[in-house]
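A short write-up of the structure that comes next.
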């Protein structure tokens, strides 16, 4: 299985690690650390040295209750970092919900649009459909970052997430976006309770029936804190455990802050033959 993107055809026959680069002052885990463009680029280089396969660069916090930022502010935060990161030789993803910024990023040569809003904003599908080959990650979210945790109501969270993602895939395919460009993300922590997040992890393989690779984003999230009792900055072990569990249950990409620890864990799994077993389980 491959993920077709602008400049890379990413081989998903083994798990890939997407390193998080937040250029925001208010992200839940590392807000403010990389708000300066030079600091963000240095972080990109460090993540590549640690083994990141993909860089995911974002300029708007999506933590619960986060206030939206303007298009101009988000542009100032991410465009210089994206342009510089493209020279580093790894696939580069932009984490945004704004169609205008998607189009600008794609014009720079960005590989992937990673949208927590699953291209629901006006013009977002147009921006992706107009491009010949960029990759896209569609995430499930109940509501928006301001309201989502008040809307975590499901009869069956897995079935309902699957239904929403299936509908979004159908819409993209109708617009001519090839299947091998599309990756799906169940949206851990986005309008779900702790119990619902772990139910999605336990039954994650049900989402593979949609026929697209899965991206899992558990890194440092509050559900890990809920079961470990640890603050966001002290959730490395829990985050790695969640990433491995996601891979075991069929995820092809894990989006993480702690790249070195995750890469090391996957190397040990690979040496033990466990990543190959997980790959077979996802097919």
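The values are calculated or read from the model by the stated rules, or taken from the named source; none is laboratory data. In this text the structure is predicted, and so the values were computed from the model without any measurement. When we count neighbours, we look across all protein chains shown, and the Cβ atoms used for this are built from the backbone with ideal geometry, even at glycine.
Quick look at the numbers
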| read-out | value |
| --- | --- |
| Residue in the range 183-193 that is under 20 Å from residue 113 (Cα atoms) and out of contact with any helix residue (DSSP H, G or I) (no Cβ under 9 Å at 6 or more places or on another chain) present | yes |
| Residue match in the range 180-203 (condition: surrounded by fewer than 17 Cβ atoms within 10 Å (Cβ to Cβ), without any contact (Cβ under 8 Å) to a residue 40 or more places away in the chain and under 24 Å from residue 5 (Cβ atoms)) | no |
| Condition met for residue 135 (under 19 Å from residue 221 (Cα atoms) and in contact with a strand residue (DSSP E or B) (Cβ under 6 Å, 6 or more places away or on another chain)) | no |
| Long-range neighbours under 8 Å by Cβ, at least six apart or interchain, first residue under 30 Å from residue 2 (Cβ atoms) within the range 131-155, second modelled with pLDDT under 80 and surrounded by 17 or more Cβ atoms within 10 Å (Cβ to Cβ) | 141/148 |
| Subset tally (residues that are free of Cβ contacts under 8 Å to residues at least 60 places away in the same chain and in contact with a helix residue (DSSP H, G or I) (Cβ under 7 Å, 6 or more places away or on another chain)) for the range 109-120 | 4 |
| Number of the exception - residue 228 against (1) free of Cβ contacts under 8 Å to residues at least 24 places away in the same chain; (2) touching a strand residue (DSSP E or B) at 6+ places or on another chain (Cβ under 9 Å) | (2) |
| Residue within the range 79-92 that is modelled with pLDDT under 95 and crowded, with 20+ Cβ neighbours inside 10 Å present | no |
| Among the residues listed as 241, 245, 251, the single one being touching a residue at least 24 places away in the same chain (Cβ under 8 Å), assigned to a helix (DSSP H, G or I) and under 21 Å from residue 195 (Cβ atoms) | 245 |
| Failed item in (1) buried (at least 24 other Cβ atoms within 10 Å of the Cβ); (2) touching a helix residue (DSSP H, G or I) at 6+ places or on another chain (Cβ under 8 Å); (3) in contact (Cβ under 8 Å) with a residue 60 or more places away in the chain, with residue 98 passing the rest | (3) |
| Verdict on residue 255 being at pLDDT 95 or above, out of contact with any helix residue (DSSP H, G or I) (no Cβ under 7 Å at 6 or more places or on another chain), surrounded by 14 or more Cβ atoms within 10 Å (Cβ to Cβ) and under 22 Å from residue 1 (Cβ atoms) | yes |
| From 272, 237, residue being over 19 Å from residue 187 (Cβ atoms), modelled with pLDDT of 95 or more and over 18 Å from the mean Cα position of the chain (by Cα) | 237 |
| Number of the condition not met by residue 106 [criteria: (1) surrounded by fewer than 24 Cβ atoms within 10 Å (Cβ to Cβ); (2) without any contact (Cβ under 8 Å) to a residue 60 or more places away in the chain; (3) within 14 Å of residue 6 (Cα to Cα)] | (2) |
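Matching residues to (1) over 16 Å from residue 114 (Cβ atoms); (2) surrounded by fewer than 21 Cβ atoms within 10 Å (Cβ to Cβ); (3) at pLDDT below 95:
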{"site": "206", "(1), (2), (3)": "yes, yes, no"}
{"site": "212", "(1), (2), (3)": "no, no, no"}
{"site": "226", "(1), (2), (3)": "yes, yes, no"}
{"site": "242", "(1), (2), (3)": "yes, no, no"}
